[in-house]
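So the structure is just underneath, and the comments pick up after that.
Derivation of every value follows stated rules applied to the coordinates shown; laboratory data play no part. The structure presented is a predicted model; accordingly, all values stated were derived computationally and were not measured. Cβ placement follows ideal geometry from the backbone for every residue including glycine, while neighbour counts extend to all protein chains displayed.
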Amino acid sequence: MNTRTYNSIVYTPLHAQYSNDGGGIYMLGPQNNSDIHHNWVYRQHTPSSGALYPDEGSAYSTWHDNVVTDIGSSQWLHLWTASIHNVTVENNYVPTYISTTAPIAR
């Protein structure tokens, strides 16, 4: 499956801001040749995840030219386990006031 997402404005509704897991753009499992680009994610306030969130088993995707703002204590990119692999992340914009905790190297 090829997934293409672009030119989206992703706003997380108030009720979702208080859940413990999720992302502005969320992926689960391998997504061969997926290209996630030119999105704006804001108000992503889940406490233990990220605005851009390739979750467990995600693989073979490229995340580029996205903008992430106003995400509270969320990470802008949430790569948390070794089962996430072959994920390329480049040329995304994140303001300096947002935590840029280094993701797991892939």
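For every other residue with a beta carbon closer than 14 angstrom to the beta carbon of V41, add +1 if it is Lys or Arg and -1 if Asp or Glu, then tell me the sum. Write out the running numbers ahead of the final one.
Values: positive: R43; negative: D65, D70.
Overall, the nearby charge balance is -1.
Give me the number: length gained by fully extending A82 to L28, i.e. 0.36 nm times residue separation minus the C-alpha to C-alpha distance, one decimal in nm.
Once the chain is fully extended between A82 and L28, it gains 18.1 nm.
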- Item | Karplus-derived 3J(HN,Hα), 6.51/-1.76/1.60, for each residue of segment 61-69, Hz, glycine and proline x | 9, 10, 10, 8, 6, 9, 10, 10, 9
- Using modelled backbone amide H atoms (1.01 Å from N, in-plane), which distant-in-sequence or interchain residues come within less than 5 Å of S49's amide H? Q75
